[in-house]
Amino acid sequence: MAAQVPEVVEMLVLGYKVGISNGSSGCMNDLGAFYYMGSLVEQDFNKAAELFEMAADAGCYQSVINLGYIYEYGRMGEPDFEKAYRWYSLAAALLPSYEAVYKLGDMFERGRGVPQDKKKANRLYERSLNMAYGDVECAQPAFRIASMLIDPEGSDYGVQSDALRALSLFQQAEVGLRKDIASGQFYYVNRLREAIAGQEKARNLLEADDFTAGAK
């Protein structure tokens with residue numbers, strides 16, 4: 001690819017640096033994302049975090065969310081769930097979006113930085129899905145809700161089993177994930193496999209219900 005030619009890469013990076021020197025928060029965030037992913041430049045999470053913080057200070061909303069990822073996944077050392085929760089909360093407060101909201105849901109679902117509360121997580125996932133637009137945006141909250149709808153322990157935290165809706169949501173997630181992967185986001189391959197496996201689980205539950213109903 002042309003973008004991988006060293007001279008081209010050098011010019012692209014220089015362009016971002018010029019933009020940063022002129023105060024462009026978008027350039028700060030985008031170059032930070034390149035360092036985070038290790039594309040165009042050598043992966044460096046510390047540089048990514050530095051650029052994300054600069055961008056956030058300059059008013060880039062996406063960088064606020066990106067800092068949550070930095071701390072949740074311990075990209076600069078041990079995970080810091082409290083910091084991750086604060087960044088996700090700030091993002092949701094500044095400009096609510098499906099991404100910030102489902103990431104907050106993850107914190108409650110896993111009990112990271114906050115007491116575990118799967119019922120609250122489910123409400124956040126539902127809100128995220130309602131805010132999402134298009135197959136790609138819907139994929140993440142749809143997958144999470146579907147997983148809860150077939151969780152045998154779901155009723156313990158206030159989510160009633162609904163295999164038919166779960167099947168529909170897993171299918172919706174599959175479409176979005178396939179589009180993500182087609183655009184080069186190959187780290188979603190495992191999530192795609194989980195969405196396909198989730199469909200099979202949902203179908204098995206539906207068939208079991210049909211068998212039980214037919215036996216009455």
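The values are calculated or read from the model by the stated rules, or taken from the named source; none is laboratory data. As the structure is a computational prediction, the values presented were derived from the model and not from experiment. With ideal geometry, Cβ positions are generated from the backbone for all residues, glycine too; neighbour counts draw on all protein chains shown. Remember, those area values only see protein heavy atoms, side chains included, never the ligands or the DNA or RNA. Shrake-Rupley method; radii C 1.70, N 1.55, O 1.52, S 1.80 Å.
Over region 132-171, the fraction of Cα-Cα pairs per 5 Å bin, rounded to whole percents and listed from the shortest bin up, is 6, 29, 27, 20, 12, 6, 1.
Per residue of the chain, the DSSP helices (runs of n ≥ 4 H) give a summed -39500 (n - 2.57) that works out to -24000 deg cm²/dmol at 222 nm. Taking all protein chains together and rolling a 1.4 Å probe, F45 ends up with roughly 50 Å² accessible.
Ordered from highest to lowest accessible area with the whole protein assembly present and a 1.4 Å probe, M76, M28 read as M76, M28. Excluding same-chain neighbours fewer than eight residues apart, the lysines reachable from K120 by a Cα-Cα span under 16 Å are K103. Net charge dipole, region 1-109: roughly 200 debye, given to the nearest 20, about the Cα centre with Cβ charges of +1 for Lys and Arg and -1 for Asp and Glu. Rolled with a 1.4 Å probe across the full set of protein chains, the surface gives M131 an accessible area near 70 Å².
Principal-axis analysis of the Cα atoms of the chain puts helix 25-37 at an angle of about 70° to the longest axis. Shape summary: region 39-109 maps onto an equivalent ellipsoid whose semi-axes, from the alpha-carbon gyration tensor, are 19, 15, 10 Å in decreasing order. By the Kirkwood approach, averaging reciprocal distances over each pair of separate Cα atoms, region 1-128 gets a hydrodynamic radius of 15.3 Å. When the chain is treated as a GNM with alpha-carbon contacts under 10 Å, the residue of N46, N22, N130 showing the greatest mean-square fluctuation is N22.
Of the residues S24, F186, A146, the one whose Cα sits farthest towards the positive end of the charge dipole of the chain is A146 (charges of +1 on Lys and Arg Cβ, -1 on Asp and Glu Cβ, taken about the Cα centre). Only aspartates and glutamates eight or more places from K17 in sequence, or on another chain, were considered; those with a Cα closer than 12 Å are D30.
Residues S147, S21, sorted by accessible area with the largest first, give S21, S147 [1.4 Å probe; ligands and nucleic acids excluded]. Rg and Dmax, both from the Cα atoms of the chain and both in Å, are 20.0, 73. F170 exposes around 0 Å² of accessible area when a 1.4 Å probe is run over every protein chain in place.
With point charges of +1 on the Cβ of Lys and Arg and -1 on the Cβ of Asp and Glu, referenced to the Cα centre of the chain, which listed residue (A48, V175, G38) lies farthest in the positive direction of the dipole? About the Cα centre, the residue reaching furthest to the positive side is V175. Computed over protein heavy atoms with a 1.4 angstrom probe, the accessible surface ordering of L95, L129, L177, largest first, is L95, L129, L177.
For region 107-146, the Kirkwood estimate of hydrodynamic radius, built from reciprocal distances between every pair of different alpha carbons, is 10.3 Å.
Computed from point charges on the beta carbon alone (+1 for Lys and Arg, -1 for Asp and Glu), the dipole magnitude for the chain about its Cα centre is near 400 Debye. Sorted largest first, the principal axis extents computed over the alpha-carbon atoms of region 99-202 equal 36, 28, 22 Å.
Taking the C-alpha atoms only, the angle from helix 81-94 to the longest principal axis of the chain is near 90 degrees.
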